[in-house]
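The structure appears below as structure tokens.
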Amino acid sequence: MCWRCFSNSNISHPEAPLEALPGASSRRGFLNHWGAGLGLAALVHADAQAQVDVGQSSSMRKLIPAESLEQSARQQYRQTLSEANSKGALAPDDYPQLKRLRAIANRLIPFTSQWNPDARKWKWEVNLIGSKQLNAWCMPGGKIAFYTGILDQLQLNDDEVAMIMGHEMAHALREHARERLAKSKATSMGLSVASQLLGLGQLGDVAANVGTQLLALKYSRDDETEADLVGLEIAARGGFKPEASVQLWKKMLGATGGGKGQPSFLSTHPSGNNRIQELEANLPKVAHLYEQARQYPAGTQLN
Ligand SMILES: [Zn+2]
């Protein structure tokens, strides 16, 4: 869904083949449902008010029922994992990089419902797919995937991974996919998607069709900025260094050649420098959240 956030045609491709992961054949379960109880013990001790200013979510998104969209996302997520699994490219639960991703998610999830109360009911999942793609996404309902390409090519530290994960979570929390689909109702594709989600289309593969389109969805520049800032705040509350957001995008720009020769990338994103400036301007707003999180990690009991 969010490959455009990070993709670059020089070093990755959305259809890049899946790559077998060493040890992936030992995977026993298909999905790891570990959302239940996750982070419930976390104590939200920091300033409960949102610190970054991104305004209200678009009310237009309500034209698309959230439940139907999340059902389609779940189906597409399972299909994506199943395909990866059949190629030995789905990381098993004990795969070190996957354990690392899930540990980072555990620190972010307690701070997500502030941005969308429905997220309390989501069954968050995080999986790792073997692929050279510089890619990561979070589907509606909290279904996250990282590709090994983005971890390996950018040599991301935990703070930088948290910034990407927060960014992707923010797209789901702010329901950008739902909003995009609602706004595209005027187009034939949008109409068919909307009619499917509203139960007017054919039964059967309807959910799968919508899911496929979820993966190709293009976000707006405003969506990207919003995801950057909301993700920054969630990561800071989780105890991840806010400055890593700037480092991350510098790395990303380095990997994508500074935007030169990247018209498709630039057409769908705020330019790298603007993005970095926007993040830098917001660092002071979240600095105290990071300091508090470092002082009192989630789960700490205060009296
Ligand atoms: Zn994005």
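Points worth noting:
- Taking all protein chains as shown and a probe of 1.4 angstrom, D93 keeps an accessible surface of around 70 Å².
- Paramagnetic reach from D222 (point 7 Å along Cα→Cβ, amide N under 19 Å) across the range 64-101: 64
- Within the straight-line cut-off of under 15 Å between alpha carbons, the aspartates and glutamates reachable from K143 are E67, E70, D118, E125, E168, E175, sequence neighbours fewer than 8 places apart in one chain being disregarded.
- A simple packing score, the average count of other Cβ atoms within 10 Å per residue, orders the peptides 129-139, 106-116 as 129-139, 106-116, with the highest score first.
- The listed residues K285, K143, K218 rank as K218, K285, K143 when sorted by accessible area, largest first, using a 1.4 Å probe.
- Working note: Karplus 6.51/-1.76/1.60 with θ = phi - 60° gives the range 73-84 the couplings 5, 4, 5, 5, 4, 4, 5, 4, 5, 4, 5, 5 Hz, where Gly and Pro are set to x.
- Amide hydrogen neighbours beyond the local backbone of G88, cut-off 5 Å, H modeled: none
- In the range 132-179, inverting the average of 1/r over every pair of distinct C-alpha atoms gives 11.0 Å as the Kirkwood radius.
- Estimated vicinal HN-Hα couplings, Hz - the range 136-147 in sequence order (Karplus 6.51, -1.76, 1.60; Gly, Pro = x): 7, 7, 9, 7, x, x, x, 9, 9, 9, 10, 10
- Descending Cα extents along the principal axes, the range 100-142, whole Å: 35, 20, 15
- For the range 53-192, projected area of the alpha-carbon convex hull averaged over all directions, nm²: 9.3 nm²
- Remark: the range 276-281, residue by residue, has Karplus-estimated 3J(HN,Hα) of 5, 4, 4, 5, 4, 5 Hz, where x stands for each Gly or Pro and the curve is 6.51 cos²θ - 1.76 cosθ + 1.60 at θ = phi - 60°.
- Members of K241/K285; K99/K218; K183/K250; K62/K218 lying beyond 21 Å, as alpha-carbon distances in this model show: K99/K218; K183/K250
The values are calculated or read from the model by the stated rules, or taken from the named source; none is laboratory data. Computed from a predicted structure; not experimentally measured. Methodologically, a virtual Cβ is constructed for each residue, glycine included, from the backbone with ideal geometry; neighbour enumeration extends over all protein chains shown. What goes into the accessible areas is simple: the full protein's heavy atoms, side chains included, and nothing from ligands, DNA or RNA. Shrake-Rupley method; radii C 1.70, N 1.55, O 1.52, S 1.80 Å.
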